[in-house]
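Nothing in this text is a laboratory measurement; each read-out follows from the coordinates by a stated rule. Small disclaimer: the values here were computed from a predicted structure and weren't measured. Using ideal geometry, Cβ is built from the backbone for each residue, glycine included, and neighbour counts are taken over all protein chains shown.
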Amino acid sequence: MNAAPSGRRTPCTIADARARLVDAEAFLEAAELVTNTDVVATNAVHAAIAAVDAICCVALRERAADGNHAAAVQLIARVDPTLASALSRVLNRKRQAAYESRDIGAEDAVACMRQATVLVVAARSRVLRA
């Protein structure tokens, strides 16, 4: 069994999971509609975070509430280590996409979309079964 994750957490319900899934799907859709790689990646990051919140709400009845998102990676790892890896990969691109003047590359933006899609699909599956 994985150790309890560090960081702040907040309780959540199936209704919260559904709301976060709606957010995740909207962020992913927004990412698909734009061509600016920084905006694509940033929306993909937000989609991934919302999807992980939804998954954790269903599986654990809590979600991470830390701004740096390290707690979210630890928490989702309790549910599925593969999903934790997907979240970690997309979060690794957040700083450059959202905060730096140097644009994220097209390949990195595509990778962010791929990881976010994996997480949104997983969230959709789990929330719809809940």
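If only Cα atoms are counted, what is the Rg of the stretch 9-129, and what is its Dmax, in Å?
Here Rg and the maximum Cα pair distance are 13.3, 42 Å.
Using Cβ-Cβ distances only, list the Cys residues of the chain with no partner cysteine under 4.7 Å, sorted by number.
Cys56, Cys112 - these cysteines have no disulfide-compatible partner (Cβ-Cβ under 4.7 Å) in the chain.
Would you tally the net charge around Ala31, using a Cβ to Cβ cut-off of less than 12 Å, leaving Ala31 out, and scoring K and R as +1, D and E as -1? Let's see the in-between values first.
Working: positive: Arg114; negative: Glu25, Glu29, Glu32, Asp38.
Result for the neighbourhood of Ala31: -3.
How high is the relative contact order of the chain? Use alpha-carbon pairs under 8 Å, at least six apart in sequence, and give a whole percent.
Values: 221 pairs, mean separation 44.7, N = 130.
Computed value for the chain: 34 percent relative contact order.
Once amide H atoms are placed 1.01 Å from N in the peptide plane, what residues at a sequence separation of 5 or more from Arg9, or on another chain, have their amide H within under 5 Å of its amide H?
Counting only residues 5 or more places away or on other chains, the set is Ala65.
Going toward the positive end of the dipole of the stretch 9-129, with +1 on Lys and Arg Cβ and -1 on Asp and Glu Cβ, which of Ala98, Ala50, Leu60 do you reach last?
Positive-most Cα among the choices belongs to Leu60.
Across the stretch 55-62, in residue order, what do the Karplus-derived ³J(HN,Hα) couplings come to in whole Hz, using 6.51 cos²θ - 1.76 cosθ + 1.60 with θ = phi - 60° and x for Gly and Pro?
Per residue, the Karplus-derived 3J(HN,Hα) values read 4, 5, 4, 5, 7, 10, 6, 7 Hz.
Measure out, as a whole number of angstrom, how far apart the alpha-carbon centroids of the stretch 59-105 and the stretch 30-53 sit.
12
Near Thr10, within a Cβ-to-Cβ distance under 14 Å, what is the net charge of the other residues, with Lys and Arg +1 and Asp and Glu -1?
Counting the neighbours of Thr10, the net charge comes to +1.
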